[in-house]
There are 4 protein chains.
Amino acid sequence: MGKGRLEAFSDGVIAVIITVLVLEMKVPHGPELQALAPVLPVFLSYVLSFVYVGIYWANHHHFLHASQHVNGRVLWANLHLLFWLSLFPFATGWMGENHFAPVPVAVYGLVLLMAALAWRPFQSALIAANGGSESLLAHALARDWKGVASPLLYAAAIGLAFIHPAIAGLLYIAVAVMWLVPDRRIETRLTRA
Amino acid sequence: MGKGRLEAFSDGVIAVIITVLVLEMKVPHGPELQALAPVLPVFLSYVLSFVYVGIYWANHHHFLHASQHVNGRVLWANLHLLFWLSLFPFATGWMGENHFAPVPVAVYGLVLLMAALAWRPFQSALIAANGGSESLLAHALARDWKGVASPLLYAAAIGLAFIHPAIAGLLYIAVAVMWLVPDRRIETRLTRA
Amino acid sequence: MGKGRLEAFSDGVIAVIITVLVLEMKVPHGPELQALAPVLPVFLSYVLSFVYVGIYWANHHHFLHASQHVNGRVLWANLHLLFWLSLFPFATGWMGENHFAPVPVAVYGLVLLMAALAWRPFQSALIAANGGSESLLAHALARDWKGVASPLLYAAAIGLAFIHPAIAGLLYIAVAVMWLVPDRRIETRLTRA
Amino acid sequence: MGKGRLEAFSDGVIAVIITVLVLEMKVPHGPELQALAPVLPVFLSYVLSFVYVGIYWANHHHFLHASQHVNGRVLWANLHLLFWLSLFPFATGWMGENHFAPVPVAVYGLVLLMAALAWRPFQSALIAANGGSESLLAHALARDWKGVASPLLYAAAIGLAFIHPAIAGLLYIAVAVMWLVPDRRIETRLTRA
């Protein structure tokens, strides 16, 4: 089964998600600069979510680039991942419109956590379909500390949101920054191979 | 006529449908956990519809993968199928926002039924364009009991929704589960061939 | 310049237009069957527009399939066509929500007319980029009576909408039916060639 | 790393942006021609933004067409560019709904400016990944006066919007017209090469 259409469909869904995110920024009614003030927290949430969706797309790109085969299991693991990504606009809008109140910030973290957890079976399914533990992909992921640390940090942030939402927010930013250089592992491996 | 663009266009439409579905989940105004309560039924409808659209995409993928040719008839049968799929966001939103009241649940079933019925001419057109009843695709579908059972179960569910919507809901879930392993037939046939 | 990306981008835009159309069908608040009544005219407008966008996509598909080259002129003629198609959701929603009142029906016809007029330079640009008047495409279009009749019928319908909107509506349906078998010309030519 | 998926994803995002723009044109409630009057400024903003997004897509197309390679840096420079393009619907809607009041017109210019500034690192990253300053792309851009003039004109327009928004509007139109023949440089170079 070719991977082309899985890539095309995922590109389509992620492209729509990343653009629908901005629809949560409702156009204010007044023409003054102050009318933008209530939009600011939604804008900041939007930036964060845009970066996160970008990270998922970049990693998706790299993983499929390093793969040759997909099968039914990969296909459904991919749809599962896309499901959690599709909740980003909702979680982003709720967090932004409520000016980073504790519960929406925690729910945002929950969506991040679920997407991170949905990445694992997707990754495993891809590796299984492409030569298993001896494959290039499996070697590149041998020391996947980011993949292990992220869900733990999201879980911590969900709890800490109830102490102060800013702590959770900083953790979300920290994890995003940590992933902003995500491709080196596979890129390097592939170049060396 | 190449099948590439039919796939690309269908991927685009299905990707937008699956993402637009989530737009029916309106962001609640309050920042408390209770504010999410009215969103819950919409969320559950969303999960069901996401799975259904995923099933249609996966089957669409498999059928076109097993085909070499498309023609004008396939093209319009495909648009007809996409038309009914495009009504999923509306039906999903109406069912969820009315907490699974009988009429919206029945209308949701009607959209499921029409999409299932629209699948048949699409399937026939693809088989006709790819070697007819002697083709690999036709053989793979020789005992298509799922394709026969699904519309009957949807029709039954539409009626039963007026006795109790939960019966219809359980039937919709049952059919979805039944389809979640949809590809084996074609995958196996193609591997054997 | 390859035609692949022009096709991909147009597929994307048309896929979003066809799906955004359905967003004009607002989910009614009540759970009764009567709550669907005001949605009915919007639904009927939606069916008509879905068919029209489908016709444009199918013709776009056929024309680019019969072409080998695109250039800057084709690219901008294509964007111009997509612009008028992008107004379909607005015109459809306005016509449907006002139960086919004369002005919205005439404006809908105006959008149909502009899209039909935008098709002409797109067609000419494609022919010019692919061998000019001696090309396969030019021959296939030698007796393009549909392309001539459609704008005239739209223009007539716009005027007749003010006598009775139903006359305009019937004309729009008639033109759509006339185009529903659009591909034979090129398909036959290409098969013969 | 293949450029195909970067193109596909960018096509998807730009296709959604260009279509979501039209969603800012809210369907008016009355069926009279006068009901369209308040939509007119939104429509004019829409036309301008459609042309701008079209220009970005055409240039994106040409630049990637003239490139063979992409890497992680190109990927993120591309996402950065798409981020600013994704703010077009918001800025367009705000400007149109407030009938070209000074602040929204200036903010629209700010989004234009940021997108123009985001184009530079994207361009540099592409050139660096494709042979550097000796490449075809670098030569084609040797006298990139448009790329230099545009941000300056946007910056001027932002200031002039507070004297009279029409001056800013005319500048935005002027820059768009200036770019409407964007591809000659690369097209000519590639033909000569």
Helix axis angle, C:72-86 relative to chain C longest principal axis, alpha carbon, degrees: 10
Inter-copy separations for residue B:65, label at 7 Å along Cα-Cβ, nm, ascending: 2.4, 2.4, 3.3
Packing rank of C:147-156, B:78-87, where each peptide gets the mean count of other beta carbons within 10 Å, highest leading: B:78-87, C:147-156
Cβ crowding within 10 Å averaged over residues, with B:54-60, B:34-40 ranked highest first: B:54-60, B:34-40
Between region D:19-52 and region B:72-125, the Cα center-to-center distance that results, in Å: 31
Under Karplus coefficients 6.51, -1.76 and 1.60, residue-wise ³J(HN,Hα) of region A:4-9 in Hz, glycine/proline x: x, 6, 4, 4, 4, 5
Chain B: angle of helix B:88-97 to the longest principal axis, Cα-based, in degrees nearest 10: 20
Chain C - percent relative contact order, Cα under 8 Å, separation 6 or more: 26
Three-way shape call for region A:25-175 based on the alpha-carbon gyration tensor, with the a/c threshold at 1.5: prolate
Relative contact order [Cα under 8 Å, 6+ residues apart], region A:57-126, whole percent: 46
Degrees separating the helix A:165-179 axis from the principal Cα axis of chain A, which is the longest one: 30
Non-local Lys pairs in the protein assembly as shown, i.e. 8 or more apart or on different chains, that have alpha carbons under 24 Å apart: 12
Sites residue A:26 and residue A:180, calculated FRET efficiency, Cβ-Cβ separation with R0 22 Å, nearest 0.05: 0.15
Teacher prompt: residue C:34 distances to equivalent labels in other copies, 7 Å Cα→Cβ, nm: 3.3, 3.3, 4.6
Three-way shape label, the protein assembly as shown, alpha-carbon gyration tensor, a/c 1.5: rounded
Average beta carbon contacts from partner chains per residue of D:50-58, 10 Å cutoff: 3
Assigned charges on the beta-carbon of Lys, Arg, Asp, Glu; the protein assembly as shown dipole about Cα centre (debye): 1860
Phi to ³J(HN,Hα) by Karplus 6.51 cos²θ - 1.76 cosθ + 1.60 over region D:18-23, Hz, x for Gly, Pro: 5, 8, 5, 3, 6, 5
Net +/- balance of residues flanking residue D:27 in space, Cβ distance below 12 Å, scoring K and R +1, D and E -1: -1
Other protein chain Cβ atoms within 10 Å, averaged over every residue that makes up D:91-101: 3
Directionally averaged projected area (convex hull, Cα atoms, region A:1-76), nm²: 6.0
CD proxy at 222 nm, helix term only [per DSSP H run n ≥ 4: -39500 (n - 2.57); per residue of chain C; nearest 500]: -25000 deg cm²/dmol
For residues of D:113-121, the mean tally of beta carbons on other chains within 10 Å: 0
Inter-copy separations for residue C:139, label at 7 Å along Cα-Cβ, nm, ascending: 4.0, 4.0, 5.6
Efficiency of FRET from Cβ geometry, residue B:36 and residue D:155, R₀ 30 Å, rounded to 0.05: 0.10
Using θ = phi - 60° and Karplus 6.51 cos²θ - 1.76 cosθ + 1.60, couplings along region A:34-50 (whole Hz; Gly, Pro as x): 4, 5, 7, 3, x, 7, 4, x, 5, 4, 5, 4, 4, 4, 4, 5, 4
Kirkwood-type radius of region B:58-115, with distances r between different C-alpha atoms, in Å: 13.0
Dipole axis of the protein assembly as shown (+1 Lys, Arg; -1 Asp, Glu on Cβ), positive-most option in C:91, B:86, C:60: C:60
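Where a number appears in this text, it was derived from the coordinates with a stated rule and is not lab data. Being a predicted model, the structure only gives us computed values, none of them experimental. All Cβ positions, even for glycine, are placed from backbone atoms using ideal geometry, and neighbour counts span all protein chains on display.
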